[in-house]
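Undergrad: Below is the structure I would like to discuss, written out as structure tokens.
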Amino acid sequence: MKKFIQINDISNLRKAIDEALSLKKEPLQFSELGKSKRLVLLFFHTSLRTRLSTENAASNLGMQVSVLNPGDGWSLELQEGAVMNLDCQEHIKEAARVVSQYADIIGVRAFPKLKDKKADQLDSILNGFVKYASVPVINLECCNGHPLQALTDAITIEEEKKVSRPKIVLSWAPHPKALPHAVPESFIRCMRQIDADLTITHPKGLELDPETVGDVPICYNQTEALKDADFVYVKNWSSYSNYGKVIRDFDNWMMTSDKLGGAYFMHCLPIRRNVVAEDSVLDGNRSLVIKQANNRTFAAQVVLKRILEQL
């Protein structure tokens with residue numbers, strides 16, 4: 001594997017899940033693989049789980065890690081042919097090439113602004129590094145996806161499932177801020193690859209990208225959708241058609257213990273308690289959120305391992 005930008009960059013997802021579970025049992029079994037190799041992580045948006053889990057994964061493989069948090073203060077020029085006489089002091093052409101001299105693998109996390117759909121979907125920072133870097137690039141989350149989270153979710157479902165094809169429901173939840181579509185859309189792409197019995201439930205007007213959803217069933221009745229679910233993945237996303245708009249009329253879509261029933265509860269974290277899900281859900285014995293967070297290490301580790309094997 002020469003890069004990891006979307007979940008379909010993994011050629012055999014079933015094998016990758018098994019490999020990650022093997023790494024979880026013995027995390028240091030390939031601790032010499034990354035010796036004298038450096039991972040550089042660029043966080044244009046803050047991170048807790050992604051940063052620490054990816055650092056941990058790299059350490060398990062014997063890699064050295066450098067972390068840069070440029071945030072919005074590092075004004076990269078992204079346009080070809082730009083006359084750089086305004087705020088941007090560095091072009092991504094130079095930035096990507098320079099960082100490549102310090103790294104064997106580069107990880108990039110850059111969030112959409114949720115103002116201009118076309119601009120966001122270009123994922124100019126991530127794709128600029130892919131275009132101009134001379135080393136492999138890993139997507140640590142962008143507008144169009146969070147594939148490390150999706151791989152994590154698949155690993156967690158594999159660990160906990162009691163039937164070969166469990167019923168999985170992706171449920172929208174309320175949130176006070178506009179959130180991107182990266183996590184739910186990567187989750188859908190991943191579940192389609194593992195042939196899960198997936199249903200999406202959300203209020204009307206909150207449809208996701210139709211190209212991503214494809215023929216996955218959509219149910220606008222949350223109660224009906226949750227019936228007999230084995231796993232319930234709860235996530236907010238802002239409007240796709242009315243791009244970035246926060247919909248505030250559906251507080252009753254918060255996940256409760258009564259709605260969850262006997263299903264496992266999943267969420268990528270961070271989560272707003274008693275807004276997205278009530279305390280009893282998060283603190284109950286059907287919550288998998290802490291296990292998901294732990295599995296982030298082994299999702300990152302299997303990706304790094306496969307890239308290192310190609311260097």
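The values are calculated or read from the model by the stated rules, or taken from the named source; none is laboratory data. Just so we're clear, the structure is a prediction, and the values are computed from it rather than from any experiment. Virtual Cβ from ideal backbone geometry, glycine too; neighbours counted across all protein chains shown. What goes into the accessible areas is simple: the full protein's heavy atoms, side chains included, and nothing from ligands, DNA or RNA. Shrake-Rupley method; radii C 1.70, N 1.55, O 1.52, S 1.80 Å.
Undergrad: Kindly indicate whether residue 271 is exposed (fewer than 13 other Cβ atoms within 10 Å of the Cβ), among the β-branched types (Val, Ile, Thr) and outside any strand (DSSP E or B).
TA: Details: exposed (fewer than 13 other Cβ atoms within 10 Å of the Cβ): no; among the β-branched types (Val, Ile, Thr): yes; outside any strand (DSSP E or B): yes.
For residue 271, the condition - exposed (fewer than 13 other Cβ atoms within 10 Å of the Cβ), among the β-branched types (Val, Ile, Thr) and outside any strand (DSSP E or B) - is not met.
Undergrad: Looking only at residues that are surrounded by 15 or more Cβ atoms within 10 Å (Cβ to Cβ) and among the aromatic types (Phe, Trp, Tyr) in the stretch 75-129, which one is farthest from the chain's Cα centre (by Cα)?
TA: 129
Undergrad: Can you name the residue in the stretch 274-304 that is among the polar types (S, T, N, Q) and outside any helix (DSSP H, G or I) and is also farthest from residue 167 (Cα to Cα) among such residues?
TA: Going through the stretch 274-304, the residues among the polar types (S, T, N, Q) turn out to be 274, 280, 285, 287, 292, 294-295, 297, 301.
Applying the additional criterion that residues be outside any helix (DSSP H, G or I) yields 274, 285, 287.
Working: 274: 25, 285: 19, 287: 16 Å.
So the residue we want is 274.
Undergrad: Is it fair to say residue 158 is touching a Leu at 6+ places or on another chain (Cβ under 8 Å), modelled with pLDDT of 95 or more and open to solvent by 30 Å² or more (accessible area, probe 1.4 Å)? So that I can check it myself, show each step before the final result.
TA: Working: touching a Leu at 6+ places or on another chain (Cβ under 8 Å): yes; modelled with pLDDT of 95 or more: yes; open to solvent by 30 Å² or more (accessible area, probe 1.4 Å): yes.
The answer is yes for residue 158.
Undergrad: Checking residue 194 against (1) at pLDDT 95 or above; (2) touching an Asp or Glu at 6+ places or on another chain (Cβ under 9 Å), only one condition comes out false. Which one?
TA: All conditions are met except number (1).
Undergrad: Can residue 152 be described as of a type in the set (Val, Ile, Thr), under 27 Å from residue 107 (Cα atoms) and crowded, with 22+ Cβ neighbours inside 10 Å? Give the steps one after another, and end with the answer.
TA: Values: of a type in the set (Val, Ile, Thr): yes; under 27 Å from residue 107 (Cα atoms): yes; crowded, with 22+ Cβ neighbours inside 10 Å: yes.
Taking the combined requirement at face value, the residue satisfies it.
Undergrad: Just need a number here: residues in the stretch 243-259 that are part of a helix (DSSP H, G or I) and over 23 Å from the mean Cα position of the chain (by Cα).
TA: So the count comes out to 5.
Undergrad: Out of everything in the stretch 248-258 that is out of contact with any strand residue (DSSP E or B) (no Cβ under 9 Å at 6 or more places or on another chain) and closer than 15 Å to residue 175 by Cα, what residue ends up being most open to solvent (accessible area, probe 1.4 Å)?
TA: Taking the candidates together, the pick is 248.
Undergrad: Residues being open to solvent by 40 Å² or more (accessible area, probe 1.4 Å), under 29 Å from residue 118 (Cβ atoms) and under 22 Å from the mean Cα position of the chain (by Cα): count how many of those fall in the stretch 218-242. I'd like the intermediate steps shown before the answer.
TA: Residues of the stretch 218-242 that are open to solvent by 40 Å² or more (accessible area, probe 1.4 Å), as a first pass: 218, 220-221, 223-224, 227-228, 230, 241-242.
Checking which are under 29 Å from residue 118 (Cβ atoms) leaves us with 218, 220, 241-242.
Filter once more, keeping what is under 22 Å from the mean Cα position of the chain (by Cα): 218, 241.
Here the count works out to 2.
Undergrad: I need a count of the residues in the stretch 14-64 that are surrounded by 19 or more Cβ atoms within 10 Å (Cβ to Cβ) and part of a strand (DSSP E or B).
TA: The total comes to 5.
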